[in-house]
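Any read-out appearing in this document is the output of simple, stated calculations on the displayed coordinates, not a laboratory observation. Owing to the predicted nature of the structure, the values given are computational and were not obtained by experimental measurement. As a convention, Cβ positions derive from the backbone with ideal geometry for all residues, glycine included, and neighbour counts pool all protein chains shown.
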Amino acid sequence: MSYEKLMQIYELLYERYGPQHWWPGETAFEVIVGAILTQNTNWANVEKAIANLKAADSLTPQRLCDMATAQLAELIRPAGYYNIKAARLKNFLDWLFENYRGDLGALQALNADVLRAELLSIKGVGPETADSIVLYAFEKNVFVVDAYTCRVLGRHGLIEEGADYENVRDFFESNLPSDVKLFNEYHALFVRVGKEYCRPKPKCKTCPLVTLPHEICPP
Ligand code: SF4
């Protein structure tokens, strides 16, 4: 039953929006940097920070590893919380060089569960960031959960209010086929509908999901 409901949501969103072409990024490393920088800011600001790194010809693990943290913070300033995010990037790079000689190919060779657990051991990398890296940088199967996902599912009575990250992730992964393309597109579609319609004050009347039963928020 949950499978049908989840696929119905997916199809309604896909019908309205079509493919979202996530994650914007030319390389796995660019996706990783973007996933760390996007915490608590909008994507336009992340793009400016990444453009600065590219303009400085620094968007490689080795160059960012060699760069002073203060210089890195200055380059990523547009992403906000730049000192904290520079430290998080450095934590990731220290971990990458200490454990994998700076080789992203070694991460690609890990299975999804091991890679996820490894990423979660890095200070400043939480579940959403780790899962974004696993799914979008390495194309391995994990469902990325975010606040939009929880809001949409909660308002349609599919999860309980306050359900934790791991429970929601498990809900998707147990009820959907293990399909990287589906997981990739589905998360991006949740972000789209969350930004455009399922805001704190929802705009149900014109939302692609208005035909679904509502639990908390009748249209
Ligand atoms: S129909 Fe309303 S509650 Fe449902 S996803 Fe759209 S805006 Fe949110």
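Okay, here's what the table says:
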| read-out | value |
| --- | --- |
| Residues being crowded, with 19+ Cβ neighbours inside 10 Å, assigned to a loop (DSSP other than H, G, I, E, B) and within 16 Å of the ligand (Cβ to nearest atom) - total across the stretch 120-155 | 1 |
| Hits in the stretch 48-89 (condition: on the phi > 0 side of the Ramachandran plot, under 19 Å from the mean Cα position of the chain (by Cα) and not aromatic (F, W, Y)) | G80 |
| Complete set of residues in the stretch 17-58 that are closer than 16 Å to V193 by Cβ, surrounded by 15 or more Cβ atoms within 10 Å (Cβ to Cβ) and of a type outside the set (A, V, I, L, M, F, W, C) | Y17, Q20 |
| Some residue of the stretch 165-184 being under 12 Å from the mean Cα position of the chain (by Cα) and more than 16 Å from the ligand (Cβ to nearest atom) | yes |
| Those residues of the stretch 127-175 which are in contact with a Phe, Trp or Tyr (Cβ under 7 Å, 6 or more places away or on another chain) and farther than 27 Å from L93 by Cβ, in sequence order | Y148, T149, V152, I159, F172, E173, N175 |
| The stretch 196-210: number of residues that are over 16 Å from L153 (Cβ atoms) and more than 8 Å from the ligand (Cβ to nearest atom) | 4 |
| Residues of the stretch 169-212 that turn out to be in a loop (DSSP other than H, G, I, E, B), surrounded by fewer than 15 Cβ atoms within 10 Å (Cβ to Cβ) and either in contact with a helix residue (DSSP H, G or I) (Cβ under 9 Å, 6 or more places away or on another chain) or among the polar types (S, T, N, Q) (or both), as a count | 7 |
